[in-house]
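Nothing in this text is a laboratory measurement; each read-out follows from the coordinates by a stated rule. As the structure is a computational prediction, the values presented were derived from the model and not from experiment. With ideal geometry, Cβ positions are generated from the backbone for all residues, glycine too; neighbour counts draw on all protein chains shown.
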Amino acid sequence: MNNNLLDEIDYNKIVYDWNQTDKAYPKDKTIQQLFEEQVQRTPDNIAVVFEEQSLSYQELNIRANQLAHKIRNSYKQQTGTDLHPDTLIALCLDRSLEMIIAILAVLKAGGAYVPLDPEYPDERIAYILQDTQAKLLLTQSRHLAKLNQMLNAEAIESFNCINSIVMTVNAEIHDESGNNTLHNEASSKVMLLDITNYSSYQDEGDLELGVTSKSDNLAYVMYTSGTTGIPKGVMIEHRSVCNLLDSLMPVYDLSSDDKVAEFTSYVFDVSVSEIFITLIQGAILHVLSNETRKNSELMSNYLKQNGITYCYVPPVLLGQLTQITYPLLKSIIYAGEPCNKLVAKYWSSCLQLHNIYGPTEITIYATHKQIIDSEVEQIGRPLPNTKVYVLDSDLQIVPLGVIGELYIAGAGLARGYLNNPELTAERFISNPFATESDITNGYTRMYKTGDLVRWLPEGNLEYIGRNDFQVKIRGFRIELGEIEEQLLRIPQIRQACVVAKTKVETNQQYLAAYYVLAPELNGCDGLSADQILDQLSLVLPDYMLPSVIMELDSLPLTISGKLDRRALPDVEFTNTSNYVAPESELEQTIAQIWCEILGLEKVGIHDDFFRCGGNSILAIRLVHQMSQVLDLHLHVADIFKYKTIQS
């Protein structure tokens, strides 16, 4: 102990006593083994429900086995070699029973799955396929045309596989100078497997494939936002997931009668906990449709009508969820960002409300706190087999109550970033606090989270914020540097800056982008905000697109010459230059609703909802209010399609 601000008693308490979290867990098993054991216990119980469809545990297991055989056979036909552990298999699927079947099938085949959102920009999908060098891509028929066009696919031969197409991936990669370069040497053939129809793999063997992977093999690779302008793939092993699932048992204390809502998109790691904490305990997994997920009224009705007992809900949506009695709902889990205090106070008085914190690099969750009243700033204590350290810039332990950066070690630590050893070495560092027991268990590294926290006297951690330019907006983890990098790749832009701001009127966070044109374009109408958004939408998912874009003559600097983010001007959401007032009674009614939702004094009939400060969460509120006032049946998708009052 070499920190002068800490006596030995406090040091030992913070470093060792509060990190006594060792607990036995099935560290020698894989996720699919835990599932298969549950199938043996409750083969005839319902396992998964999506809309009007359902499968029993036995039916789900058989279909996953059949698809796993299909994957292995297709992989060998495609590559001439057997599928080995750590082989990456890509998925591009909508929410459906097929999504759950495919995830299980990849694991059973011995591979690791890489989830892709079908709504991702083409370049993002192409980059991930190139980075993973995936040879197989499981998808659905409605996405085949897009994938063929996107990847310049050429049907080479059928390999006698039903609904399979071989494609060539030519991912366009940007070098450090911002130029586009085509890495032909990195190109790889990708076979598309259309799994829409069960008949496409029904004739495959339905027997278990035996031990195809071990606990130290990869289970999945999930891509998160990256500061260099490209996403980074986080590699997670089976044993880390098994530890997390075992740690969550007290939170999800399930029986075969329980029904768990699967809310999260499968491209985010919370979905792993939702799916498998349910399927290894014999409960019923309800996969919510996108329409239900994006409409608070529909979601409220679904929870009540289907008797959901456990549900993960992001904080921003929890604030919109109808506050009525849900007779069977026992527990709500949230993560990603703090919950509103009044919202937390209400729900914690009705049921168990759990705040669980953790980055993707530590396998979903690292700490847990049951919210008793409104202590939403607390993220609790470390989960089993997790070690947490609050350190200063010199990697020294800080005293109780002092703010420092959170570092995490333990069984959940990711293997690292795929194909990125430099960033892995930077973020996953040696753990100088490891005890002999930690070393024996392999907890010799710790992850630098970038999150600022402090210890409270009773042993809970309080979350303060970030120490870098990563933010979380509406639950999405976003590296501002990735957006800035993409802005700078637009030839006309010389400088760019992106910040997260909060709109006081709505208490909603949003992204604001500022840019400076190249000198030769100053004073010219060379680039509009719409043109910038059009280009960004080709490479960034919707949740990373700035809500407002402002051109500046120059970026503000501090006296030392650094960018002064606090001096960036406030943005104006109302389109004052081309404002057209609503005229008809209907237009005036809609405009009034928009003003209430957006916190604006006026809205024109040509103003874009999302350019006026709207987002997916406010769109949910807008749909609910417009449906009530106008007696219409609207969907959130309608707002994304018709973005102005006139439309």
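Helical runs (DSSP H, four residues minimum) scored at -39500 (n - 2.57) apiece and divided by the length of the chain put the mean residue ellipticity at 222 nm at -8500 deg cm²/dmol. Highest mean packing comes first when the peptides 483-489, 530-536 are listed by Cβ atoms within 10 Å, giving 483-489, 530-536.
Each label was represented as a point 7 Å from its Cα along the Cα-to-Cβ direction; for ASN148 and GLU585 these points are 5.1 nm apart.
Can you tally the net charge around ALA434? Count Lys and Arg as +1, Asp and Glu as -1, for every other residue whose Cβ sits under 12 Å from the Cβ of ALA434. Cβ neighbours under 12 Å give a net charge of 0.
Checking every one of the GluC sites (Glu not before Pro) in segment 92-130 against DSSP loop status and a limit of 16 other Cβ atoms within 10 Å picks out GLU119.
When only Cα pairs below 8 angstrom with a gap of at least 6 residues are kept, the chain shows a relative contact order of 11 percent. Taking a Cβ cut-off of under 12 Å around ARG63, the surrounding Lys, Arg, Asp and Glu residues balance to a net charge of -2, with basic ones at +1 and acidic ones at -1.
Listed highest first by mean packing, meaning other Cβ atoms within 10 Å per residue, what order do 617-624, 635-642, 370-377 come in? List each step's numbers first, then the result.
Details: 617-624: 22.1, 635-642: 15.4, 370-377: 16.9.
Final packing ranking: 617-624, 370-377, 635-642.
Only one residue of THR449, ALA126, HIS143 has its Cα farthest out toward the positive end of the dipole of the chain, where Lys and Arg carry +1 and Asp and Glu -1 on Cβ, and that residue is THR449.
Charge dipole (Cα centre; +1 on Lys/Arg Cβ, -1 on Asp/Glu Cβ; no other charges) of segment 85-138 amounts to roughly 260 debye. Partners of LYS641 within straight-line reach, counting lysines whose Cα lies under 17 Å from its Cα and excluding those fewer than 8 residues away in the same chain: LYS294. Using the average count of surrounding beta-carbon atoms within 10 Å as a protection proxy, the listed peptides 545-551, 419-425 rank, highest first, as 545-551, 419-425. Farthest towards the positive end of the charge dipole of the chain, among the residues SER647, THR386, VAL471, is the Cα of THR386, using unit charges on the Cβ of Lys, Arg, Asp and Glu.
Going through the cross-link list LYS27/LYS214; LYS70/LYS135; LYS108/LYS214; LYS304/LYS345, which pairs have a Cα-Cα distance over 18 Å in this structure? Over 18 Å Cα-Cα: LYS304/LYS345.
As an exercise, find the ratio Rg/Rh for segment 198-272 from alpha-carbon atoms, using the Kirkwood inverse-distance average for Rh.
Details: Rg = 16.6 Å, Rh = 15.8 Å.
Here the Rg-to-Rh quotient is 1.05.
Taking max minus min of the alpha-carbon positions on each principal axis, segment 265-413 gives extents of 53, 33, 24 Å, largest first.
How much net charge surrounds ILE275 when only the other residues with a Cβ under 13 Å from the Cβ of ILE275 are counted, with Lys and Arg +1 and Asp and Glu -1? Walk me through the numbers before you get to the answer.
Details: positive: ARG95; negative: GLU262, ASP269, GLU274.
Charge balance near ILE275 sits at -2.
Here's the picture: charge each Lys and Arg Cβ at +1 and each Asp and Glu Cβ at -1 in segment 2-71, and of ILE9, ALA68, ALA24 the one pushed furthest to the positive end of that dipole is ALA68.
A simple spin-label model places pseudo-atoms 7 Å from Cα toward Cβ; at ASP638 and ASP253 they are separated by 4.4 nm. GLN625 versus SER537, label points 7 Å from Cα toward the beta carbon: distance in nm? Label at GLN625, label at SER537, 2.4 nm between them. Note on segment 573-646 and segment 359-396: Cα centroid distance 40 Å, given to the nearest whole angstrom.
Remind me, what semi-axes does segment 299-365 give for its equivalent ellipsoid, largest first in whole Å, using sqrt of 5 times each Cα gyration tensor eigenvalue? Kindly include the intermediate steps, with their values, before the conclusion.
Values: eigenvalues 90, 38, 21 Å².
Largest first, segment 299-365 gives 21, 14, 10 Å.
Of the chymotrypsin sites (Phe, Trp or Tyr not before Pro) found in segment 1-105, those in coil by DSSP whose Cβ has at most 13 other Cβ atoms within 10 Å are TYR16. For segment 41-102, just say rounded, prolate or oblate: build the C-alpha gyration tensor, square-root its eigenvalues into a ≥ b ≥ c, call rounded for a/c under 1.5, and beyond that prolate if a/b exceeds b/c, oblate if not. Note, shape of segment 41-102 comes out prolate.
Estimated from the Cβ-Cβ distance and a Förster radius of 45 angstrom, the FRET efficiency linking ALA518 and THR444 is about 0.40. Bridges between two residues of the chain, per DSSP, are antiparallel at a rate of about 65%.
When restricted to Cα atoms, segment 1-72 yields an Rg and a Dmax of 23.0, 64 Å, respectively. The aspartates and glutamates whose alpha-carbon is closer than 13 Å to the alpha-carbon of LYS23, local same-chain residues fewer than 8 away aside, are ASP246, ASP438.
Need one word for segment 438-505: rounded, prolate or oblate. Basis is the Cα gyration tensor (sqrt eigenvalues a ≥ b ≥ c); a/c below 1.5 gives rounded, then a/b vs b/c decides. Note, shape of segment 438-505 comes out oblate. Shape class for segment 51-139: oblate, because the ratio a/c of the largest to smallest gyration tensor axis (alpha-carbon atoms, square roots of eigenvalues) is 1.5 or more and b/c is at least a/b. When the Kirkwood radius is taken over all Cα pairs of segment 232-335, what Stokes-Einstein diffusion coefficient follows at 20 °C and 1.002 mPa s, in µm²/s? For these conditions, the coefficient is 151 µm²/s. Hey, quick one: spin label on ARG477, modelled 7 Å out along Cα-Cβ, who in segment 251-287 has an amide N within reach, i.e. under 17 Å? Counting only backbone N, you get 264-274.
For LYS13, a cut-off of 18 angstrom between C-alpha atoms picks up these lysines, skipping any fewer than 8 places away in its own chain: LYS387. Over the C-alpha atoms of the chain, the Rg to Rh ratio, Rh being the Kirkwood estimate, stands at 0.96.
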